[in-house]
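Inspection log for the structure reproduced underneath, given as structure tokens.
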Amino acid sequence: MDEVAFIQACIACNGLLDLTGIDLTSKRDKFRLNSYFNKVLSENECWHYEDIYLFGNTQSILDARRIYELAYSLNYYAQGHSTSNKEWTTSVLNTLINALFVLIKKDIDLAQKLDSLLSKNSDQISDRYSFERIRYNFMHSLIEYVFTKDNTKVLKQFSFLKFENLLDLESGFETAYNQVNEIYFPK
């Protein structure tokens, strides 16, 4: 019943589900987590840093429609409440990019819809957020790949990351690429 322990458990379950596909959450856990986000949405859609963090780290255990609704709300809130706080902006961008990836794995049509929404503002992402821009561009390329079966842009990004010696990022992207291949193009 402890709120902090529940949130920590949800975050741990999210990580396990993302990496292994094993979901340890119950219907009651999902209901409780959704209730938390209902409060966020009903309070004039006011997103606090803790809400962004929790959303970003529990997306795998939420259903696709809910992820889209929350990402839409967060994007709308962020557009109306721009700030010079780099930490807050980075959290918002990474949470939206994470939502995009989870949607790619759960519901490609909602992923494409969120991608369209985010692309309207992607040119406003300054060089100050180049890491997030690289991640967003990769997710956009993954969506294109699913629909066209042409992985040229994805492979070019791997070459770029190798050239720039961004090996951790390349490894993460390879994992994402392999997950997408397992879902949409199983051998």
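The values are calculated or read from the model by the stated rules, or taken from the named source; none is laboratory data. Keep in mind that this is a model prediction, so the values were computed, not measured. We place every Cβ from the backbone using ideal geometry, glycine too, and count neighbours over all the protein chains shown. Just so you know, the surface numbers come from the protein's heavy atoms only, side chains and all, with ligands and any DNA or RNA stripped out. Shrake-Rupley method; radii C 1.70, N 1.55, O 1.52, S 1.80 Å.
Taking the Cα centre of the chain as origin and charging only Cβ (+1 Lys, Arg; -1 Asp, Glu), how large is the dipole, in debye to the nearest 20? Present the calculation step by step, with values, prior to reporting the outcome.
Details: 20 positive and 25 negative charges, 77 e Å.
Using only the charged Cβ atoms, the result is roughly 380 debye.
When a/c reaches 1.5 or more, the comparison of a/b and b/c decides; with that in mind, is the stretch 41-140 rounded, prolate or oblate per its Cα gyration tensor?
Working: a/c = 1.58, a/b = 1.09, b/c = 1.44.
Cα axes put the stretch 41-140 in the oblate bin.
Assuming a ≥ b ≥ c are the square roots of the Cα gyration tensor eigenvalues, decide whether the stretch 89-187 counts as rounded (a/c under 1.5), prolate (otherwise, with a/b larger than b/c) or oblate.
Details: a/c = 1.75, a/b = 1.12, b/c = 1.56.
Taking the square roots of the gyration eigenvalues as a ≥ b ≥ c, the stretch 89-187 is oblate.
Extension gain, ILE183 to ARG128, is 16.4 nm, computed as 0.36 nm per intervening residue step minus the present C-alpha separation.
Residues whose amide H falls under 5 Å from that of THR58, counting only those 5 or more places apart or on a different chain, are absent, with hydrogens built in the peptide plane. Stretched out straight at 0.36 nm per residue, the stretch from SER26 to CYS46 would grow longer than its current Cα-Cα span by 4.4 nm.
Net charge of the neighbourhood of HIS48, taken over other residues with C-beta under 14 Å away and scored Lys/Arg +1, Asp/Glu -1, is -4.
Among ALA12, PHE37, LEU62, which residue has its Cα furthest toward the positive end of the charge dipole of the stretch 1-131, with +1 on Lys/Arg Cβ and -1 on Asp/Glu Cβ? Among ALA12, PHE37, LEU62, the one farthest towards the positive end of the dipole of the stretch 1-131 is LEU62.
Spin-label model, LYS156/THR175: points 7 Å from Cα along the beta carbon direction are separated by 2.6 nm.
Averaged over its residues, the stretch 105-187 has an accessible area of 61 Å² per residue, based on protein heavy atoms and a 1.4 Å probe. Measuring between their Cα centroids, the stretch 157-187 and the stretch 1-74 lie 26 Å from each other.
In sequence order, the stretch 10-26 has phi-based couplings of 4, 5, 5, 5, 4, x, 4, 4, 5, 8, 10, x, 8, 9, 8, 7, 8 Hz under the Karplus curve 6.51 cos²θ - 1.76 cosθ + 1.60, θ = phi - 60°, and Gly or Pro positions carry x.
Packing order of peptides 90-98, 74-82, 15-23, highest average first: 90-98, 74-82, 15-23 (average count of other Cβ atoms within 10 Å over each peptide's residues). Listed by chain and number, the lysines placed with their C-alpha closer than 30 angstrom to that of LYS113 are LYS27, LYS30, LYS39, LYS86, LYS105, LYS149, LYS153, LYS156, LYS187; residues fewer than eight positions away on the same chain are left out. Values [x] 0.99; [y] 0.96; [z] 1.06 are given for comparison; Rg/Rh (Cα atoms, Kirkwood Rh), derived from the coordinates here, is the one labelled [y]. Across the stretch 68-83, computed HN-Hα scalar couplings (Karplus, 6.51 cos²θ - 1.76 cosθ + 1.60, θ = phi - 60°) run 4, 4, 5, 5, 4, 4, 5, 4, 4, 4, 5, 5, x, 10, 5, 8 Hz from first to last residue, x flagging Gly and Pro. Estimated at 0.36 nm per residue, the fully extended path between GLN79 and THR148 surpasses their Cα-Cα distance by 21.8 nm.
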